[in-house]
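Each value in this text was obtained by applying a stated rule to the coordinates, not by laboratory testing. Since the model is a prediction, treat every value here as computed from it, not as a measurement. Virtual Cβ from ideal backbone geometry, glycine too; neighbours counted across all protein chains shown.
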Amino acid sequence: MTSAKDPGPAPGRAAAALRELLGLLHRGAPVEQFARPAERARAVGAGPAEQALVEEATQMALDIRRTLDQRRRREAELTALFDTAGDLAALRDPDAVLRAIVHRARMLLGTDVAYLTLNDPVAGDTFMRVTDGSVSAAFQQLRLGMGEGLGGLVAQTARPYASADYRADDRFRHTPAIDHGVREEGLRGILGVPLRVGTRVIGVLYAADRAVRAFAPDAVALLSSLADHAAVAIDSARLLEETRAALADLEAATETAREQSEAMRRAAETHDRLTRLVLRGGEVDDVAREVAALLGGDGLVVYDAEGAELARVGSESVRLPDGALACALAASRSGGRAVEVGGVWVCAVLAGPELLGGLALGGRAGIDGRAGLGGCAGIDGRAGLADGSLADGGLADSERQLFERAGLVTALLLLLRRSVAHAEDRVRGELLADLLAAPAAGRVRDAGSRRLRARRLGVDLGRPHVLVVLDCDAALRSRLAAEAGRHARARNGLAGVHQGRVVLLAPADHPGALARTLAADLGRALGAPVTAGAAGPAAGPEALPGAYAEAVRCLEAMHALGRAGQGAGLPDLGFLGVLLGGGADVGAYVDRVLGPVLEYDARRGTELVRTLEAYFAEGASPARTKDALHVHVNTVVQRLDRIGQILGGDWNTPAGALEVQLALRILRAGPAAFPRPGETVRRGDGGGRPG
């Protein structure tokens, strides 16, 4: 309402000012331009009411502009947050997620630098992870303990903190390392907000300026909103990475399971094929060829429990140093796996805890032979390198399983062979016992039947045979019988237990030589002394009971003479053998003791035998011997020296002298007193060499 004195503002001037204000709002003009309509109204002489109306309209226009600015800014922030959320949701690489977060924070807040730290639960601090706009290497490597500096306080309290000038702000715990990094980067105003997943703080997001800056609440709220989005994106990326890793592990496990399944299938098929080969009657050579074809390499060797070769396929270069095979078999036996030594893989062939033999595969060296197993240098049980790969030529796990399966099949084959051998040994032992048994009174022994039974076992009783009686420690006699059976089969002979003694019958001409060989070989196999007494050669089954009795006497004599652990025949026992022989060949005894001297006299016309007789007849005195022979004492000494050269230096020892004197007595007694076995004696012969 206007008074009579004030007719009101001129409509034209006020309307012009209002239209101008609306135009400024429409154009979004700067704030300072909104004061111009009021200034023009005053300039053209507008009245007080008119000016008040224009100023009121100006204030309302400024309020409207501020509201529009706030809404536009909020819209821009929401759009930026929405875009950020979309960008973060599309990212799958954790590093790319972190870089995008930091870059968007710097852009939204318009700061010089933005950076992000992540908490380290193990170390109990927070470390610099990503920076954007940073130029200081020291700043980019900072680690902040919980509660240290602005960021450490945010990480500890899970609350945002801002400082207009951090260097001069004493609200925070300053440390030399943090202050040095902040100064080197040139930062003053810093804002930090927590990255939270639920109630858990996983890090801190920062925006910082190199000038003093007070961060408004809107900036804190904006950075906090971005941090919330970022925390979810970071956790999602972490979960996605863990899921990818789990899937990769699952794929690897699936592939491993598939490979193991395939290896097991192949191993089972190989096992079945080898088993069928054994059950069809295949020999060790057949199994060795199959295994060598499956695994390749330079060659394969099958050993028995004593290390003797049973079969070899491929190169002769597959050899192990002395003692290495036994050491490798012991390591494989104790570990239950194949082991590698010196470029050769070795697998023990076991039947339960019993060692039956071993397999050796050449040309498939593993990593190295430097790490020993079981105290054996150069033995390695590993199948691959630390990362699961193999050195060139090494055995993969599947091949190693095949090799070990081959050991099981070889054990089956050796057990079958041993069972057959045991059955054959029983048959051979029964035949041997029948051959050695003395015939009952009134019972005629059928020699033809025994010869036929022997021929079926590959034994020809028509050949001369030596009978050996074996003895060892009582606890080892069962093993001795088994080893004797193995040796008998190898020699086309017979072995068994007769009257509680282990007996071996084999074709041979020299009892002593066979007895010594058996004592040495069987002693090594048992790891204990074996004594062997031999007799023969016996021609035909009828002579075997007598040969057995003579071999027993020889064995007992050897024990009496302290020669346990050796082998000999009665002729090897000297005069004691002659006494125990019962029809022994005394002519052979004379030949063994005096034969070289007799031949020397016959060839050169000397009298060395006569000198020996006189020497012993005169009590081994050269002085009295020269009188008996009517020669010079030097001649006696020379003849004795010559005898020593012919017979050996021990001929004049007490034992040697006894042997020589007995041979001289037999020589003088002649063939009428001591005929050779089977020799027709001519009565009336004088002295001279028997036979």
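Brief remarks on what is shown
- Extended-chain gain in nm, criterion 0.36 nm per residue less alpha-carbon gap, THR517 and PHE127: 132.2 nm
- Kirkwood Rh in Å, taken over the range 246-318 so that all alpha-carbon pairs contribute: 14.6
- With both labels modelled 7 Å from their Cα along Cα-to-Cβ, the GLU556 to ALA15 distance reads 16.1 nm.
- In order along the range 458-470, the phi-based Karplus estimate (6.51 cos²θ - 1.76 cosθ + 1.60, θ = phi - 60°) of 3J(HN,Hα) comes to x, 10, 9, 6, x, 8, x, 10, 9, 9, 10, 9, 10 Hz; Gly and Pro are listed as x.
- Segment ARG200-ARG603, extension gain: residue separation times 0.36 nm, minus the distance between their alpha carbons: 133.3 nm
- Protection proxy ranking for 303-313, 339-349, 563-573, 230-240, using the average of other Cβ atoms within 10 Å per residue and placing the highest first: 339-349, 563-573, 230-240, 303-313.
- For the range 455-568, the convex hull drawn through the C-alpha positions has a volume of 87 cubic angstrom per residue.
- Placing R0 at 35 angstrom, the Cβ-Cβ distance between ARG266 and ASP286 gives a FRET efficiency of 0.95 after rounding to 0.05.
- Cα pair count fraction exceeding 23 Å, expressed as % - the range 586-669: 14
- Full-stretch length increase - ALA29, THR635 - with 0.36 nm per residue and alpha-carbon distance subtracted: 202.6 nm
- Going from the fewest other Cβ atoms within 10 Å to the most, the residues THR531, THR67 appear in the order THR67, THR531.
- ALA474 versus ALA539: modelled label distance in nm, points set 7 Å from Cα along the beta carbon direction: 4.2
- Approximating the spin labels as points 7 Å out from Cα along Cα→Cβ, the SER419-to-MET107 distance works out to 8.3 nm.
- Total formal charge among the other residues, if their Cβ is under 12 angstrom from that of ASP304, Lys/Arg +1 and Asp/Glu -1: 0
- From the C-alpha gyration tensor of the range 11-74, square roots of 5λ in Å: 24, 10, 9
- Computed from the Cα positions only, the extents of the range 93-243 along the three principal axes stand at 45, 32, 28 Å, in decreasing order.
- When each of the peptides 638-644, 262-268 is scored by the mean number of other C-beta atoms lying within 10 Å of its residues, the order from highest to lowest reads 638-644, 262-268.
- Ranked by the mean number of other Cβ atoms within 10 Å of their residues, highest first, the peptides 455-462, 207-214, 247-254 fall in the order 207-214, 455-462, 247-254.
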